[in-house]
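The values are calculated or read from the model by the stated rules, or taken from the named source; none is laboratory data. Since the structure is predicted, the reported quantities are computational estimates derived from the model, not experimental observations. We place every Cβ from the backbone using ideal geometry, glycine too, and count neighbours over all the protein chains shown.
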Amino acid sequence: MTGSQFYAEYIYNAFALLLKTMLLDNKVLFCYCLCMKQNVGDYSFEYKKKQQVKFMHAVVFMVSVFVFISVFLNCILFSVFINSSSMETDVSKGGIVFVCPFLRSPSRGQVVYLSRMDGEKLSAGQKSLNAAVKFFTLQKYSPFGRNSRMTGKDTVRRVLALPGDSYYMKDFVLYVKPAGQSHYLTEFELASKPYNISIYSVPVEWDGMGCSGQMEEATLGKNEYFVLADNRIEGLDSRVYGKIPSSRIKGRVIWQCFPFGKMRLY
């Protein structure tokens, strides 16, 4: 074999080896790319699956929170915005109080939250929407059931006479004879806690609505209560509504949280 033949064969063998190596590398690269593609697909599937699980967990959490808040607000505690001065000075106008709905058997002198007195009833859907709107507006607004009639809204009033009690009013002060007793006592002597009332003279030209400071003797029947506003001149209460059935008591006011300077327990 001549030198030129040897050199040509060497070049041929080297080129063949290089070609085989390149083909092998391409196969390896193809297999690698195929595996990577499969791994990316698997990762994408796992990622989507994890995202779906996270989404379901978030939905379950939000539903659980909503149910908890609904149960809490309907069965344990809810807030009420006070938009009148009828219960000042103990319950401030513009204040926020908390009502406990399962405390519906008040004692004398305690403050309760009363449902509207006009007898109008709302559907379950309207009540639910009212509750949601009131929650997010701190009880300042409700889309259904509001009107201009004085009995067309819920109110906060003080219970002063219980079922079976006899009572009369003189000079805006209520006198109560508890059931089974023979003597009358003032509302302040029977109250579980001290409180203040507002009594003042109105101008001669006053033409607004006011309530009388005198009432004849009367007796409450079963499940009936007598309530008064602390502002005895302007507040509307049992002097206008009459005797309050227990079904109208939606709960007892237990705490005023705003204004902060007047925070107190009732």
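Some values worked out for this structure:
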item	result
Residues of the range 218-255 satisfying the condition of being outside any strand (DSSP E or B), within 20 Å of SER166 (Cβ to Cβ), among the hydroxyl-bearing types (Ser, Thr, Tyr) and at pLDDT 90 or above	SER238, SER246
Every pair of residues 6+ apart whose Cβ atoms lie under 7 Å, when the first sits in the range 194-207 and is over 23 Å from SER107 (Cα atoms) while the second is at pLDDT 60 or above	ILE199/PHE172; ILE199/ARG232; ILE199/ILE233; TYR200/ILE233; VAL202/GLY210; VAL202/ILE233
Pair list, Cβ < 9 Å and 6+ apart or interchain, from the range 238-266 residues that are on the phi > 0 side of the Ramachandran plot to residues that are not in a strand (DSSP E or B)	GLY242/MET117; GLY251/LEU77; GLY251/PRO101; GLY251/PHE102; GLY251/LEU103; GLY251/ARG104
Candidate set: the range 76-127, residues that are within 21 Å of VAL240 (Cβ to Cβ) and part of a strand (DSSP E or B); chosen: the one modelled with the lowest pLDDT	VAL80
Which numbered condition VAL176 fails, given (1) of a type in the set (Val, Ile, Thr); (2) modelled with pLDDT of 90 or more; (3) out of contact with any helix residue (DSSP H, G or I) (no Cβ under 9 Å at 6 or more places or on another chain)	(3)
